[in-house]
1. Any residue at all in segment 222-229 that is in contact with an Asp or Glu (Cβ under 9 Å, 6 or more places away or on another chain), at pLDDT 90 or above and in the same structural domain as residue 123 (by TED's automatic domain parsing)?
2. Answer with yes or no whether residue 5 is surrounded by fewer than 17 Cβ atoms within 10 Å (Cβ to Cβ) and more than 19 Å from residue 94 (Cβ to Cβ).
3. Which one of the conditions (1) surrounded by 11 or more Cβ atoms within 10 Å (Cβ to Cβ); (2) in a helix (DSSP H, G or I) does residue 108 fail to meet, given that it meets all the rest?
4. May I ask you to list pairs of residues, at least six apart or on different chains, whose Cβ atoms are under 7 Å apart, with the first in segment 63-83 being within 14 Å of residue 22 (Cβ to Cβ) and the second being surrounded by 17 or more Cβ atoms within 10 Å (Cβ to Cβ) and aromatic (Phe, Trp, Tyr)?
5. Tally the residues that are free of Cβ contacts under 8 Å to residues at least 40 places away in the same chain and among the acidic types (Asp, Glu), restricting the search to segment 166-194.
6. Select from segment 208-261 the residues that are in a helix (DSSP H, G or I), among the basic types (Lys, Arg) and under 18 Å from residue 116 (Cα atoms) and list them in ascending order.
7. Mind listing whichever residues of segment 206-233 are in contact with a helix residue (DSSP H, G or I) (Cβ under 9 Å, 6 or more places away or on another chain) and among the polar types (S, T, N, Q)?
Amino acid sequence: MNFLLQQFETYLRLQCLLANHSIKAYLSDITKFTQFLLNKTVTPLTADSAHIQEFLAKLHHIGIKATSQSRMLSSLRLFYKFLSLGHQITKDPTKIIESPHLGKHLPSILSTWEIERIINVIDHSTPIGVRNRAIVETLYGTGIRVSELISLRLSHIYFQENFIRVIGKGDKERLIPIGAMALKHIKLYIEGVRAHMDIKPGYLDILFLNRRGKSLTRVMIFLMVQALARKAKIDVEVGPHIFRHSFATHLIEGGAHLRAIQEMLGHRSLTTTEIYTHLDRDYLKQIMQDCHPRSRLKRHNT
């Protein structure tokens with residue numbers, strides 16, 4: 001089985017062009033399924049659809065969320081596709097398995113004034129504050145993922161053209177326009193903070209660095225954003241990804257074309273981007289309820 005997992009890892013890396021963290025997630029899911037099969041005297045090569053259904057049922061029984069179950073099933077589907085391509089199985093047992101019902105889930109977003117509140121609580125008198133302002137402006141000003149932010153390179157910031165180059169999922173590159181405010185604070189950070197740092201070898205081209213002159217981590221960004229949100233007294237749960245959702249939603253509200261947003265976010269499918277049109281409809285509905293005289297009249301009479 002170890003050899004099979006090594007082959008699968010190679011397939012994910014070379015054929016699917018997945019990033020390292022995605023590969024680890026797939027391998028972890030397949031390992032869990034393999035461990036589940038140990039007491040059933042079968043292997044992934046001999047397992048059938050009943051075994052997969054029993055595995056998903058067990059996940060549900062122990063309280064694993066439908067989203068995690070769905071991800072696990074996606075991992076199994078890709079794994080069995082790999083086995084089919086290699087002629088190691090003759091029948092794909094995942095073909096007849098239905099995905100768990102996820103229901104509608106709209107991501108949380110911040111309003112423009114909530115983002116201003118977060119920015120206003122940053123202490124701009126410290127080097128860390130100057131860096132954090134540049135990070136928040138970049139997250140909200142470009143909609144990039146946290147993984148893309150921490151790997152953003154100094155040489156990929158095109159100040160004259162107002163673009164940044166990002167390495168996204170599957171090591172795919174894309175160019176994203178970046179606003180004047182984000183560029184202004186990136187420049188302030190580079191000239192006022194980064195230029196005076198002791199940067200460790202191997203990190204000279206990484207844009208955002210920690211106090212030791214090395215790359216930031218996803219956890220560091222998460223904790224920083226969470227601390228700022230608490231300080232700003234933001235009620236909703238705030239993580240770095242909320243700036244990505246807010247970026248897309250505010251563009252929709254401003255009339256941006258959906259395909260342009262898809263390109264900037266790096267979504268493979270337009271379906272993924274369409275979730276922000278639902279958020280936009282909720283926004284328009286709220287505007288109607290708050291501003292239209294007949295809507296106000298109805299509320300006052302209830």
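The values are calculated or read from the model by the stated rules, or taken from the named source; none is laboratory data. Keep in mind that this is a model prediction, so the values were computed, not measured. Counting neighbours? That spans all protein chains shown, and the Cβs are built from the backbone with ideal geometry, glycine included.
1. First pass over segment 222-229, keeping only residues in contact with an Asp or Glu (Cβ under 9 Å, 6 or more places away or on another chain): 226, 229.
Checking which are at pLDDT 90 or above leaves us with 226, 229.
Next, from what is left, pick out any that are in the same structural domain as residue 123 (by TED's automatic domain parsing): 226, 229.
Yes, there is a match, as at least one residue in segment 222-229 is in contact with an Asp or Glu (Cβ under 9 Å, 6 or more places away or on another chain), at pLDDT 90 or above and in the same structural domain as residue 123 (by TED's automatic domain parsing).
2. Considered against the rule, which asks whether it is surrounded by fewer than 17 Cβ atoms within 10 Å (Cβ to Cβ) and more than 19 Å from residue 94 (Cβ to Cβ), residue 5 comes out as no.
3. (2)
4. Correct list of pairs: 75/26; 78/26; 79/8.
5. 2
6. Step one: filter segment 208-261 for residues in a helix (DSSP H, G or I), giving 218-231, 241-253, 258-261.
Remaining after also requiring among the basic types (Lys, Arg): 218, 230-231, 244, 259.
230, 231, 244 - these are the residues of segment 208-261 that are in a helix (DSSP H, G or I), among the basic types (Lys, Arg) and under 18 Å from residue 116 (Cα atoms).
7. So the first thing to find is which residues in segment 206-233 are in contact with a helix residue (DSSP H, G or I) (Cβ under 9 Å, 6 or more places away or on another chain), and the list is 206-211, 215-218, 220-222, 224-225, 228-229, 231-233.
Once the filter is applied, which keeps residues that are in contact with a helix residue (DSSP H, G or I) (Cβ under 9 Å, 6 or more places away or on another chain) and among the polar types (S, T, N, Q), segment 206-233 yields 210, 215, 217.
Table: residues versus (1) surrounded by 14 or more Cβ atoms within 10 Å (Cβ to Cβ); (2) at pLDDT below 90; (3) assigned to a loop (DSSP other than H, G, I, E, B); (4) hydroxyl-bearing (Ser, Thr, Tyr).
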residue: 45; (1), (2), (3), (4): no, no, yes, no
residue: 51; (1), (2), (3), (4): yes, no, no, no
residue: 72; (1), (2), (3), (4): yes, no, no, no
residue: 79; (1), (2), (3), (4): yes, no, no, no
residue: 96; (1), (2), (3), (4): no, yes, yes, no
